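Shown next, in structure tokens, is the structure this report addresses.
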Amino acid sequence: MAPTDIPGEALLFFNDHPGSIPLYLAFDSAVRKAVDVERMKGQKTQISYYNRHLFACVSLLPVRKAAKRPRDYITVTLGLDHALDSPRVDAVCEPYPGRFTHHLLIASGDEINEELMGWVRQAADFAGRK
């Protein structure tokens, strides 16, 4: 998908961060290969992926201090029924019992790998069980 093929709301989302578009496109492609995406919703602060319910988001949430944050990145947010124990997770919280929200800063296409897609599949399964 070329930048001109990005849905309008997603393209507007990256208006001030065009260098992050290739990361978003790589993530979007990998997600669509890993799970069934029923719908996608572009909003002011995030792009959300749904099956029956929301299972993943892409944002530009600055989950790292500016000095440790690359210029071009995306933040992937996933909801799981357990906390991941991985150095790749920048932040995790438990907004309510049994739901753990994870934020992962992605700065390279190499980080969009099978490990990440495994977590995306877990998040899609968890959302589908609600």
* Got the relative contact order for the chain handy, in percent, Cα pairs under 8 Å and 6 or more residues apart? -> 24 percent
* Asked: Between [x] -0.49, -0.77, -1.48; [y] -0.59, -0.80, -1.30; [z] -0.57, -0.87, -1.52, which matches log10 I(q)/I(0) by the Debye sum over Cα atoms at q = 0.13, 0.16, 0.22 Å⁻¹ calculated for the structure shown?
  -> [x]
* Where the accessible area of the chain is counted over protein heavy atoms with a 1.4 Å probe, how much of it, in %, is carbon and sulfur? -> 52 percent
* Summing -39500 (n - 2.57) over the DSSP H runs of n ≥ 4 in the chain and dividing by its residue number, what mean residue ellipticity at 222 nm do you reach, to the nearest 500 deg cm²/dmol? -> -8500 deg cm²/dmol
* Structure fact -> Cross-link reach from residue 130 to lysines, straight Cα distance under 29 Å and at least 8 residues apart if same chain, gives 33, 41, 44
* Determine how large the accessible area of residue 28 is when every protein chain is in place; take a 1.4 Å probe and give Å² rounded to the nearest 10. => 10 Å²
* Could you tell me what fraction of 2.2 N^0.38 Å the Cα radius of gyration of segment 59-130 comes to, as a two-decimal ratio? => 1.11
* To do: Would you work out the charge dipole size for the chain about its Cα centre, treating the Cβ of every Lys and Arg as +1 and the Cβ of every Asp and Glu as -1, and quote it to the nearest 20 debye?
  => 320 debye
* **Top of 44, 33, 68 by mean-square fluctuation, Gaussian network on the chain, Cα under 10 Å** => 68
* Asked: Alpha carbon centre of segment 9-82 versus segment 87-106: separation in Å?
  -> 15 Å
* Asked: Under a 1.4 Å probe, what is the accessible area of segment 1-128 per residue, stated in Å²?
  -> 53 Å²
* In nm, spacing of pseudo-spin labels at residue 91 and residue 66 (7 Å Cα→C-beta vector) -> 1.6 nm
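The values are calculated or read from the model by the stated rules, or taken from the named source; none is laboratory data. What you are looking at is a predicted structure, and each value in this text was computed from that prediction instead of being measured. Backbone-built Cβ (ideal geometry, glycine too); neighbour counts: all protein chains shown. For accessibility, only protein heavy atoms count, side chains too; no ligands or nucleic acids. Shrake-Rupley method; radii C 1.70, N 1.55, O 1.52, S 1.80 Å.
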